[in-house]
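Here the structure comes first, spelled out in structure tokens, and everything after it is commentary.
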Amino acid sequence: MKKLLIVSFLCFFVVSITTAQSQEAKKALKDAKSALSSFNIGGGTDEAKLQEAIQAIEIAAKDDINAAASATWALRGDIYNAVVNQHMTASILNAEHKILDESAPIKAYESYKMALEKAVKKYETKDA
């Protein structure tokens, strides 16, 4: 009886941890969308919102469920594309502007490529 109780408790514990991690990843994906929207609404000048979006999308992309979704990779591509656009604009306005993430164009391309590979439905292919 004790063994059955211990095994049941361990199974419940593992399931609850897995669910909590998945919920955290879903929240991170939602936060990334929100931060990117705030960045775009603010005229593309709020670098803190862009950094927040980057951190959130990286957390979301590490989750197995989110990594299988085309929308996650398309959002990641949009975020890194916004990074590239922001750096290009800043470089035009200020010749001494330092680029913080030189690999952003590559990350954007790879993310869009992944979104296209993960697309299952026709509208997902168009979005990617």
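Just so it is clear, none of the values below were taken in a lab; they were calculated from the coordinates. As the structure is a prediction and not an experimental result, all values here were calculated from the model. All Cβ positions, glycine included, derive from the backbone under ideal geometry; neighbour counts span all protein chains shown.
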- Query: In terms of Cα to Cα distance under 20 Å, which aspartates and glutamates are near enough to Lys30, apart from those fewer than 8 places away along the same chain?
  - Reply: Asp46, Glu47, Glu52, Glu58, Asp63, Asp64, Asp78, Glu124, Asp127
- Task: For the stretch 37-90, state the average projected area of the convex hull of the C-alpha atoms over all orientations, rounded to one decimal in nm².
- Result: 3.5 nm²
- Query: Tell me, what does the Kirkwood hydrodynamic radius of the stretch 30-128 come to in angstroms if you use every pair of distinct C-alpha atoms?
  - Reply: 13.8 Å
- Task: Please identify every one of the GluC sites (Glu not before Pro) in the stretch 56-128 that sits in a loop by DSSP and has no more than 16 other beta carbons within 10 Å of its own beta carbon.
- Result: Glu96, Glu102
- Calculate, for Ile65 and Ser37, the FRET efficiency according to 1/(1 + (r/R0)^6) with r their C-beta to C-beta distance and R0 25 Å; round to the nearest 0.05. 0.65
- Query: Between their Cα atoms, which of Lys49/Lys113; Lys33/Lys118; Lys49/Lys121; Lys27/Lys62; Lys62/Lys113 are more than 22 Å away from each other?
  - Reply: Lys49/Lys113; Lys49/Lys121
- Candidates per trypsin sites (Lys or Arg not before Pro) in the stretch 57-128, loop by DSSP, up to 10 other Cβ within 10 Å: Lys98, Lys121
